[in-house]
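K.L.:
Following this message is one structure expressed as structure tokens.
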Amino acid sequence: MRIQIEDIQKDMIIDEDVYSNQGNLIVGRGFSVSNAMILKNLLRQHKVDKVKVLTLSEEVAQPSPQEKIEQEIVDFKLEFHDTVSTIENEISSILSGEIEEEKLNNLVESSLNMQSGTTLNIFQMMQKVKDSDDVTYSHCYSVSLSAYAIGKWLKLSEEELKELTLSAILADAGKASVPKEILMKKGFLTEQELSEMKKHVQYSYDMLDNYPISKKVKDAIRYHHEREDGSGYPEGLKGDKIPYYAKIIAIADVYTALTSKRPQREKLTPFEALKIMERDFMDKLDVTILTEFLKRIAENYIGNPVKLNDDTIGEIVFLSVHKLSRPVIRTVQGDKLIDLGNKENAGLEIVEFL
């Protein structure tokens, strides 16, 4: 049965291979729809109007909870990488002066839609995305997803969430004007290279100067590297002088950078990142927002399977508010509880999220 993409529903099965105009496979025959909204958005982006589907009959076995999660992860990865490509194309359009407001709105809607309809939360999902050599566009999208989640925790309005998400998507757009050899350099940047890297916030701001984008969005983009103690850039703003959206994006940006692979280092685990943010950023990032973030982000990983440095496999089951980076793990074998906050377990570390 061939239907309009608007009529796609959960548990339908795609009954054909669907390709983009460039000949790339979008979804394969036999694909089970676990999140209809994500698939609809993906097909719309590729201008696919109709698709052949099967509907599940009562005789077809329903997927197990684990199978459902695995399918949701596949859906998420597919949508994530497709949206990253779209962000790259739109930033190229901005550089050439051909930006379309509708496409920017679609990017924001895509970020908002990614936040719901899955068993795992957005931070657990992002841990499943394969490391990328792209340090700009994947980063832009990951920061936007994280910033949106923080905005929800802070009870921003829907309109504010859209502005915040757009700000985060475009915050590093100016890196397209930074030499690639600087972006991809392994090791520390020289003073001159670092100075050039810091110009990306002004490049981003200038790229958008002639577009009908709100001042709040433009200011968030320009000032998201400012720090509470005045040590940031481009103007060394302090405290209340830093725009609120910029404060939120700064936290999402630091967390995303720490938990992502970089040319000079491997990615850190979320709890390694939390430890660094607790230790090194309390005086640099808004302490009220950061405290809420640290508490909430740690809670988001309860139930997540992990591997310890002694090869123990377990699941995060509890977090102490006083030791957010040292959770309690229940082992898969033996059903034993390991409290990483205890001194006797000081040598144990989470080395991988599974």
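K.L.:
Residue 227 is checked against (1) within 25 Å of residue 156 (Cα to Cα); (2) part of a helix (DSSP H, G or I) and fails just one. What number does that condition carry?
P.N.:
It fails just one condition, (2).
K.L.:
Considering only residues that are out of contact with any Lys or Arg (no Cβ under 8 Å at 6 or more places or on another chain) and within 16 Å of residue 25 (Cα to Cα), which ones fall in the stretch 66-85?
P.N.:
74, 75, 78, 79, 80, 81, 82, 83, 85 - these are the residues of the stretch 66-85 that are out of contact with any Lys or Arg (no Cβ under 8 Å at 6 or more places or on another chain) and within 16 Å of residue 25 (Cα to Cα).
K.L.:
Which condition does residue 310 not pass, out of (1) open to solvent by 60 Å² or more (accessible area, probe 1.4 Å); (2) over 13 Å from residue 352 (Cα atoms), if it passes all the others?
P.N.:
Here residue 310 meets the rest and fails (2).
K.L.:
Go through the stretch 161-192 and count every residue that is over 18 Å from residue 84 (Cβ atoms) and either open to solvent by 60 Å² or more (accessible area, probe 1.4 Å) or of a type in the set (S, T, N, Q) (or both).
P.N.:
8
K.L.:
Now, a different point. Please tell me if residue 309 is farther than 30 Å from residue 224 by Cα and without any contact (Cβ under 8 Å) to a residue 12 or more places away in the chain. Break it down into steps so the answer makes sense when it comes.
P.N.:
On the way: farther than 30 Å from residue 224 by Cα: yes; without any contact (Cβ under 8 Å) to a residue 12 or more places away in the chain: no.
Judged against the criteria, residue 309 is not a match.
K.L.:
Which members of the stretch 224-283 meet the condition of being in contact with a Leu (Cβ under 9 Å, 6 or more places away or on another chain), among the basic types (Lys, Arg) and open to solvent by less than 60 Å² (accessible area, probe 1.4 Å)?
P.N.:
227, 247
K.L.:
Further question on the same structure: Taking the stretch 1-58, which residues are among the basic types (Lys, Arg) and either open to solvent by less than 40 Å² (accessible area, probe 1.4 Å) or in contact (Cβ under 8 Å) with a residue 24 or more places away in the chain (or both)? Talk me through it step by step, then tell me what you get.
P.N.:
Just the residues of the stretch 1-58 that are among the basic types (Lys, Arg), to begin with: 2, 10, 29, 40, 44, 47, 50, 52.
Passing the criteria: 2, 10, 40, 44, 47, 50, 52.
K.L.:
Another question about this same structure. Among the residues of the stretch 253-297, count how many are acidic (Asp, Glu), at pLDDT 90 or above and in a loop (DSSP other than H, G, I, E, B).
P.N.:
Total satisfying the criteria: 2.
K.L.:
Can you give me the ranges of the helices (runs of 4 or more DSSP H) entirely in the stretch 168-208 with at least 3 residues that are out of contact with any Cys (no Cβ under 9 Å at 6 or more places or on another chain) and farther than 17 Å from residue 138 by Cα?
P.N.:
Ranges flagged: 191-198, 200-207.
The values are calculated or read from the model by the stated rules, or taken from the named source; none is laboratory data. Quantities reported herein were computed from a predicted structural model and do not represent experimental measurements. Every residue, glycine as well, gets a Cβ built from its backbone with ideal geometry; the counts of neighbours run over all protein chains shown. In case anyone asks, the SASA skips ligands and DNA or RNA and just uses the protein heavy atoms, side chains included. Shrake-Rupley method; radii C 1.70, N 1.55, O 1.52, S 1.80 Å.
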